[in-house]
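Have a look at the structure below, then the notes.
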Amino acid sequence: MRRNSARHQAQVELPNYFKCVAEDVLGQCRPQAGIWVDLGSGSGGLGFALAHKTTGCVILVDPSRGALAQAVRKAQQLGLSGRVRSVVGVAETLPLADDSVELIVSRGSIFFWQDRARGLRESLRVLRPGGCARIGGGFGSAYPRWARQEFFRRRDGSLKKKGSEALKSFKHATKPERLADLVKELAIPGCKLVSDVPGELGTWILFRKREVI
């Protein structure tokens, strides 16, 4: 009976967390329509969730050409080709102009950046005055607790297959304390940490570029 129960649990399809993350982003950043960027987008899960909430342009930035090719096909299927664009790039050297972006979001990618401080400074550079960035990892405050726990169970199981060091290394990289140290290092005015749910995993760096006076 236990084996059947475990097999059924593994087959349960988890809810789409990108929609929950997008709602938190919009609620905290309140971006104007314009250019929004999904940094480290992969195939564009968060970017597409945001594209449905704006009339502006969403740019997907990722180093993987394969993942972006999938995103391009999905944009065509959804009728969003005119508003969702893809650009090959990395956080540390964003292929975007100064003061050109209203919103930058990034879910999960910062833990794999080669230079996190440089990547965050690049995000600040391309934001227009008044623009907002929300960078970190989580599922959104409205994501069901059971789904969050099941996601962690599956993720940890997958990492364990790669060896105990893989799981240990990932958990160290995603500690909220490491993001807190970045906030102190950068000293961006108004920059702070926010959480999906206080006391649980899901931590983000949130900052807004100062308006020119």
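Please go through (1) at pLDDT below 90; (2) surrounded by fewer than 12 Cβ atoms within 10 Å (Cβ to Cβ); (3) in a helix (DSSP H, G or I); (4) not acidic (Asp, Glu) for Lys162 and return the number of the only condition it doesn't satisfy.
Failing condition for Lys162: (3).
Hey, any hits in the stretch 140-155 for a residue that's under 22 Å from Gly27 (Cα atoms) and of a type in the set (Ser, Thr, Tyr)?
yes
Select from the stretch 92-126 the residues that are of a type in the set (A, V, I, L, M), closer than 26 Å to Arg178 by Cα and free of Cβ contacts under 8 Å to residues at least 60 places away in the same chain and list them in ascending order.
Leu94
Looking only at helices (runs of 4 or more DSSP H) that fall completely inside the stretch 1-116, which ones have 1 or more residues that are closer than 19 Å to Phe151 by Cβ and of a type in the set (Phe, Trp, Tyr)?
The qualifying helices (runs of 4 or more DSSP H) are 17-29.
Out of the stretch 99-122, which residues are buried (at least 24 other Cβ atoms within 10 Å of the Cβ) and of a type outside the set (A, V, I, L, M)?
Within the stretch 99-122, Ser106, Arg107 qualify.
Quick one: in the stretch 179-208, which of the residues that are part of a helix (DSSP H, G or I) and in contact (Cβ under 8 Å) with a residue 40 or more places away in the chain is surrounded by the fewest Cβ atoms within 10 Å (Cβ to Cβ)?
That would be Glu185.
A quick yes/no check of all residues on (1) under 24 Å from Gln11 (Cβ atoms); (2) in contact (Cβ under 8 Å) with a residue 60 or more places away in the chain; (3) polar (S, T, N, Q):
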{"site": "Ser86", "(1), (2), (3)": "no, no, yes"}
{"site": "Arg128", "(1), (2), (3)": "no, yes, no"}
{"site": "Ala133", "(1), (2), (3)": "no, yes, no"}
{"site": "Trp146", "(1), (2), (3)": "yes, no, no"}
{"site": "Phe152", "(1), (2), (3)": "yes, no, no"}
{"site": "Thr174", "(1), (2), (3)": "no, yes, yes"}
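Does the stretch 47-84 hold any residues that are in contact with a helix residue (DSSP H, G or I) (Cβ under 7 Å, 6 or more places away or on another chain) and either crowded, with 23+ Cβ neighbours inside 10 Å or without any contact (Cβ under 8 Å) to a residue 24 or more places away in the chain (or both), and which are they?
Result: Ala49, Leu50, Val58, Leu60, Asp62, Ser81, Val84.
The values are calculated or read from the model by the stated rules, or taken from the named source; none is laboratory data. As the structure is a prediction and not an experimental result, all values here were calculated from the model. Positions of Cβ are generated from backbone atoms using ideal geometry, with glycine treated the same way; all protein chains shown enter the neighbour counts.
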